[in-house]
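The values are calculated or read from the model by the stated rules, or taken from the named source; none is laboratory data. None of these values were measured; they are calculated from a predicted model. Cβ sites come from the backbone with ideal geometry, for glycine too, and all protein chains shown count toward neighbours. Heavy atoms of the whole protein, side chains included, go into the accessibility calculation; ligands, DNA and RNA do not. Shrake-Rupley method; radii C 1.70, N 1.55, O 1.52, S 1.80 Å.
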Amino acid sequence: MRFSFLTLFPGLVEGYFSDSILGRAKEEGKIAVDFLNPRDFSLSRHKKVDDYQAGGGAGLLMGPQPLDDALAYFLKKTPHAHVVFPVPAGKPFTQKDAKRLAKKSHVVFVCGRYEGIDERIVEEYADELFSIGDYVLTGGELASMVMCDAISRNVEAVLGNDASLDEESFEAGLLEAPSFTKPNEFKNKCVPSEFLKGNHAKIAGLKKVMACAKTQFYRPDLFVNQKLTCQEKDHR
Ligand code: 6GU
C-alpha cells in the first residue's frame, strides 16, 4: 500500500517511517511512503504558499494555486488515489475507517498549515475529511501520521502477528482486557491465577468479562449492546 503526503514539511513526517514497525514494513515493501511539497509548485517569485484571509480573520491560509498545481500534477499520474484532508472539521477518524482505508492501494494526505486551506481546494479534491479529535493542531502532518499509522497496522503482513489485530481494543466495541507478562508476581501484585492455568476457553471468558468491566469504567459511551455468553457470565 502506498501513502503520499502533500506537505510543506516532509521532514516532520519522514522520520516516523525510519524505525520500528513501519520502518520495517517500508523496508520490506509492505508500505511505500512518498512526499510532494506544494512549495515546489508555487508560481510566485518567492515560492509563497500562504496569504491573508478574504474578509479578514486572524492568521494566514494556504492559497489555492500551489496546492491545485501539486494535486493536479500528482493525480494525473495516480488518478485512483484516495485523497484525505486532515481537518478539525472532518468526521471523527475511527478504527473502522482505519480498516476500510487499509484496503485502498493508495491514500494521499493533504496537510494544511497556518489557519488551514482555501476551501475551494478541499471541495475540488477531497474524497474524505477526517478529524482525529476535538482540539486544534498546528498542521495536518501529525494527524495524517496518526491515521497512517492506524491504517498501516491493518495492512496485510505489516504486523508480525495478524492475530493481534483480532483481540485488540475497539474490536467488538470493547477496550482490550488488561494484559500481563512475566514475572507472575511483581511488587506484590500477581497475574490473575486463571491466566497461568492454561484453560484457554476459561481465559477467553475471563478476558471478555475484564474487557467489559474496563470499557464500562473508562469508556461507558462505548459500552452499548454488549452481550455476554452464559459461560462468560459464570465468571462474574
Ligand atoms: Cl485531522 N487535522 C488538523 N489539522 N487539526 C486537527 C485534526 C486534523 N484533528 C484535530 N485537529
**Item:** Helix 200-218 vs. the chain, principal-axis angle (Cα, 0 to 90°, nearest 10)
**Value:** 50
**Request:** For F35 paired with L159, estimate the spin-label separation in nm (one decimal), with each label point 7 Å from Cα along the Cα-to-Cβ line.
**Result:** 2.9
**Message:** Averaging the inverse of every distinct alpha carbon separation and then flipping it gives the Kirkwood radius. What is it for the chain, in angstrom units?
**Reply:** 20.6
**Request:** Within the stretch 65-166, report the GluC sites (Glu not before Pro) that DSSP leaves as loop and that have at most 10 other Cβ atoms within 10 Å.
**Result:** E156
**Asked** Hey, what angle do you get for helix 140-152 against the long axis of the chain, alpha-carbon based, 0 to 90 degrees rounded to 10?
**Response** 40
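Between the DSSP loop rule and a limit of at most 11 other Cβ atoms within 10 Å, which chymotrypsin sites (Phe, Trp or Tyr not before Pro) in the stretch 100-205 are left?
Values: sites: F109, Y114, Y125, F130, Y135, F170, F180, F186, F195; in loops: Y114, Y135, F170, F180.
Within the stretch 100-205, the qualifying chymotrypsin sites (Phe, Trp or Tyr not before Pro) (loop, at most 11 other Cβ atoms within 10 Å) are Y135.
Tell me, rounded to the nearest percent, the portion of alpha carbon pairs in the stretch 158-230 spaced more than 14 Å apart. Please report the intermediate quantities before stating the final value.
Details: 1739 of 2628 pairs.
Above the 14 Å cut-off, the stretch 158-230 has 66 percent of its Cα pairs.
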**Prompt:** On the accessible surface of the stretch 52-123, probed at 1.4 Å, how many percent belong to carbon and sulfur atoms?
**Reply:** 56
**Request:** Find how much the distance from T138 to R45 grows on full extension, using 0.36 nm per residue of separation minus their present alpha carbon separation; answer in nm with one decimal.
**Result:** 30.9 nm
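Hey, what D do you get for the stretch 34-127 in µm²/s if you plug the Kirkwood alpha-carbon radius into Stokes-Einstein at 37 °C and 0.692 mPa s? Provide the component values of the computation, followed by the final result.
Working: Rh = 14.5 Å.
For these conditions, the coefficient is 227 µm²/s.
Rounded to the nearest whole Å², what accessible area per residue is found for the stretch 116-180 with the 1.4 Å probe? Numbers along the way, then the final one.
Numbers: 3400 Å² over 65 residues.
It amounts to 52 Å² per residue over the stretch 116-180.
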**Request:** Find, among the GluC sites (Glu not before Pro) in the stretch 1-54, those assigned to loop by DSSP (not H, G, I, E, B) with at most 10 other beta-carbon atoms within 10 angstrom.
**Result:** E28
**Request:** Taking the chain as the reference, fit the longest principal axis to its C-alpha atoms, fit the long axis of helix 64-77 to the helix C-alpha atoms, and give the angle between the two in degrees, 0 to 90, nearest 10.
**Result:** 70
